[in-house]
Amino acid sequence: MRPRTKALVAAGSGIAVGLAGLALTTLPAGADDDPVLPAIEPEALVASALAAEPQAFSGEAEVRNELGLPALPGVEGLDFESARVFHDGQESARVQLEKPTSEVTFVKNPDEAWAYDSQERAARHLTWDDADAAAAREHAEAQLADPAQAAAELIEQLRPTSEIFVDGTATVAGRAAYELVLTPKPSEKTLLREVTVAIDEQTRMPLAFDVYANGRTEPVLSLGFVELDLGAQDPALFDFTPPQGTKVETTDASDAAGHGAGTDKAGSPAERMAEHGTTTVGDGWDTVVVAELPTDLPAGMPDDLPATMPEGAFGGGQDLAGTLAQIGQPVSGEFGSGTHVQIAVGGAIVTDDGRVAAGAVPQQVLVDALDQQ
């Protein structure tokens, strides 16, 4: 069976969690004509993608994030530029994230997992024993920015609330692929228009996807392979020794994976979020994330807030409520009162009692989500 898919690359808000790791792009086919492939029914393509056998491969993925959504506790951010991904087709994987000032490396094998930040010169080491091996491996797998895993989980989570069809073919990373399109059903209240996933014709491995918002012609979030080579990988890639001088924090899986070690839900996106006081309201396209507001926000607020926002507004002791009043609008409901901030896709409400609700949904959906808490 295909291992349960997990997505590292959730975008830091309700939309990211709702799409369960939306993170890929169908990259341009270049000058080549679109490949001619046998016709396939949408549900058959979805079923084959979700049942596809894991592949041994190496590849390079690139990301473009225009969501403008704040990072929230327990939800990982798309704050990298490119990633090298290696997989042995079984239980071992390696991901190297290229960031503007550092490289972050994740390594998982049957016995342990590592996360290393070159800038901080710090590493987290996850270990486990036979009793909690299943939960620990899922927890470790959740840290990997593997586009194929992210896309598979995206399809799985959006499928119940989507209209699905196949819209031609494309060439992605030199491979012939079907283009699967998911659009929200009329009952959904999302501000997103569609997600397009490229699925490899031969292996049924998801290669890439684009996320589109209403009123925009360019994708608001994209991540996908630009290079992909199938085949056996050097086993040495899946062993890791931290460089000399690295500060290492070792964690036992029974602590890292949370409650229910050994169950098939341990380490899921919702459970990882719950560890940080973060919950979701709704499902599919309409999902809203509600979280306790972090105490320090310099790296958590979107890059595209109005240019008039005071310098250092979310750090250096500046008053958060006063800053939000300048860039947002007051809002209230059964939850109390707060400020609604419009961002690139959707919005966020910061409540006066220290919570934040975010998602690619209209303001009223955010209010309703807070009222349910």
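The values are calculated or read from the model by the stated rules, or taken from the named source; none is laboratory data. Values in this document were obtained by computation on a predicted structure and should not be read as measured data. We place every Cβ from the backbone using ideal geometry, glycine too, and count neighbours over all the protein chains shown. Remember, those area values only see protein heavy atoms, side chains included, never the ligands or the DNA or RNA. Shrake-Rupley method; radii C 1.70, N 1.55, O 1.52, S 1.80 Å.
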Identify the single condition in (1) in contact (Cβ under 8 Å) with a residue 60 or more places away in the chain; (2) open to solvent by 10 Å² or more (accessible area, probe 1.4 Å); (3) not small (G, A, S) that L180 does not satisfy, given that it satisfies every other one. (2)
Any residue that is crowded, with 17+ Cβ neighbours inside 10 Å and modelled with pLDDT of 85 or more - is there at least one of those in the stretch 249-259? no
Does the stretch 191-242 hold any residues that are under 14 Å from A152 (Cα atoms), over 15 Å from the mean Cα position of the chain (by Cα) and among the β-branched types (V, I, T), and which are they? T196, I199, T203
Search the stretch 145-177 for residues being of a type in the set (V, I, T) and in contact with a helix residue (DSSP H, G or I) (Cβ under 9 Å, 6 or more places away or on another chain), and hand back the single one that is surrounded by the most Cβ atoms within 10 Å (Cβ to Cβ). I155
Take the conditions within 30 Å of Q364 (Cβ to Cβ), open to solvent by 10 Å² or more (accessible area, probe 1.4 Å) and at pLDDT below 95 and apply them to A213. Does it pass? no
Hey, among H87, H139, which residue is at pLDDT 90 or above and on the phi < 0 side of the Ramachandran plot? H87
Unmet requirement for A358, which otherwise passes all of (1) under 25 Å from E218 (Cα atoms); (2) at pLDDT 90 or above: (2)
Restricting the search to the stretch 328-346, which residues are among the small types (G, A, S), open to solvent by less than 20 Å² (accessible area, probe 1.4 Å) and at pLDDT 90 or above? G338
Strands (runs of 3 or more DSSP E) lying entirely in the stretch 151-233 (those with 3 or more residues that are touching a Pro at 6+ places or on another chain (Cβ under 6 Å), closer than 18 Å to V46 by Cα and of a type in the set (V, I, T)): 162-172
Pairs with Cβ under 6 Å, 6+ apart, first in the stretch 91-112 and within 13 Å of T127 (Cβ to Cβ), second of a type in the set (S, T, Y): N109/S92; E112/T127
